[in-house]
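Visitor: I'd like to ask some things about the structure below.
The values are calculated or read from the model by the stated rules, or taken from the named source; none is laboratory data. Nothing here was measured: the structure is a model prediction, and the numbers come from that model. Virtual Cβ from ideal backbone geometry, glycine too; neighbours counted across all protein chains shown. The area values use the complete protein model at the heavy-atom level, side chains included, leaving out ligands, DNA and RNA. Shrake-Rupley method; radii C 1.70, N 1.55, O 1.52, S 1.80 Å.
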Amino acid sequence: MIPASFEYVRALSVEEAVTALSAAGEDAKVLAGGQSLMPLLRLRLAYPDPLVDVGRIEELREIRDTGDALVIGALATHHQVLRDPLVRAHAPLIAQATATVADPAVRHRGTFGGSLAHADPAGDLPAVAVALDAVFLLRSVRGEREIPAADFFVDWMTSALEPDELLTGIRVPKLGPGWGVHYEKFHRTAQAWAIVGVACAVRRERGAIEDARVALTNMGPTPVRAHAVERFIEGRSVSGDAFRAASEHAAEGTSPPADLHGSSEYRAHLARVLTARALTAAAAV
Ligand SMILES: Cc1cc2nc3c(=O)[nH]c(=O)nc-3n(C[C@H](O)[C@H](O)[C@H](O)COP(=O)(O)OP(=O)(O)OC[C@H]3O[C@@H](n4cnc5c(N)ncnc54)[C@H](O)[C@@H]3O)c2cc1C
């Protein structure tokens, strides 16, 4: 189908983008890689007006090392993130999860920030951002603000972004020595969306799990932090039995959707199985 008509603004700097968003009403939308937004427009499920295209703002593509963290520009494409040596070295969970996102064509256009701003609980990167305690960097004409990932995802496809705000980057604390990570995704076919996914990072010390961070994809309207799993496993010796026992808590506090791909009960089962696998793989590193 053909989208309804809309006004189009191409912003060439962050300043131009936030000025355009501020001048527009509540119906304004940012266009980044267009991989999620364009299908919505074509199906006439969204009627943004104006569309503020930020796709040519080069400064938002940068991935920088700031000492104890990386700042990934919102417009860094999945392809760029996947190949970036800083991401591979200091945030390998992002690289692993990004490798499972869609196909090369989508990964060349789709952006890291767009995937997060879209706030789709079936997207792979929101749970990763939650597991890594990432911080979202927002800008508007009113100034800058920072939101922890845990507070950014508000409801199904709804984030804490105000209509006049631009996501400029995501700060990801580096994982130091002793950390192992794993993203376990269960999907119908390669390159498809997750039916359920588990993002996991654990820190081993003297044969025990000292820190654990686990977050779930597609187990509710937002990504879910599996606190009960983390509490159970922290301080325990590394063993298959401990991981299996911890994973029994994976579905606690979740409200998994039911759809053509699986019932809520099936997703709860998957969350337990995939969490055991993710913990085992992360702890083996
Ligand atoms: C065939 C296909 C398969 C896919 N499979 C997967 C998959 O397996 N896993 C997965 O996680 N994703 C998957 N995706 C989704 C894809 O990763 C995202 O659509 C894409 O990366 C979103 O980024 P974008 O730059 O294209 O955002 P856009 O489509 O341009 O924007 C998406 C939303 O985010 C907002 N937005 C974007 N950037 C900003 C910003 N900087 N500030 C404020 N708001 C912003 C837009 O206004 C819009 O509401 C798939 C997509 C397709 C088309």
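Visitor: Residue under question is Pro121, and the condition is that it be free of Cβ contacts under 8 Å to residues at least 60 places away in the same chain, within 13 Å of the ligand (Cβ to nearest atom) and in a loop (DSSP other than H, G, I, E, B); does it hold? Write out each step before concluding.
Guide: Working: free of Cβ contacts under 8 Å to residues at least 60 places away in the same chain: no; within 13 Å of the ligand (Cβ to nearest atom): yes; in a loop (DSSP other than H, G, I, E, B): yes.
So Pro121 fails the test.
Visitor: Kindly provide the set of residues from the stretch 115-124 that are closer than 15 Å to Gly73 by Cα and open to solvent by 30 Å² or more (accessible area, probe 1.4 Å), ordered by number. Working first, answer last.
Guide: Keep residues of the stretch 115-124 that are closer than 15 Å to Gly73 by Cα, which gives 115-117.
Within the stretch 115-124, Ser115, Ala117 meet the criteria.
Visitor: Then there's this: Has the stretch 26-45 got at least one residue that is within 8 Å of the ligand (Cβ to nearest atom), buried (at least 23 other Cβ atoms within 10 Å of the Cβ) and small (Gly, Ala, Ser)?
Guide: There is at least one residue in the stretch 26-45 that is within 8 Å of the ligand (Cβ to nearest atom), buried (at least 23 other Cβ atoms within 10 Å of the Cβ) and small (Gly, Ala, Ser).
Visitor: Name the pairs whose Cβ atoms lie under 8 Å apart, with the first residue in the stretch 87-106 and closer than 18 Å to Gly169 by Cα, the second in a helix (DSSP H, G or I) and open to solvent by 20 Å² or more (accessible area, probe 1.4 Å), and 6 or more positions between them or separate chains?
Guide: Filtered contacts from the stretch 87-106: Ala95/Leu82; Ala95/Arg88; Thr98/Leu82; Thr98/Arg107.
Visitor: Let me ask something else about it. Within the stretch 15-37, can one find any residue that is outside the structural domain of Asp133 (by TED's automatic domain parsing), under 20 Å from Thr98 (Cβ atoms) and not small (Gly, Ala, Ser)?
Guide: Going residue by residue through the stretch 15-37, those that are outside the structural domain of Asp133 (by TED's automatic domain parsing) are 15-37.
Keeping just the survivors that are under 20 Å from Thr98 (Cβ atoms) gives 32-37.
Now narrow it down to the ones that are not small (Gly, Ala, Ser): 35, 37.
Yes, the stretch 15-37 contains a residue that is outside the structural domain of Asp133 (by TED's automatic domain parsing), under 20 Å from Thr98 (Cβ atoms) and not small (Gly, Ala, Ser).
Visitor: If a residue must be surrounded by fewer than 17 Cβ atoms within 10 Å (Cβ to Cβ), more than 16 Å from the ligand (Cβ to nearest atom) and not in a strand (DSSP E or B), how many such residues does the stretch 172-215 contain?
Guide: Total meeting the criteria: 6.
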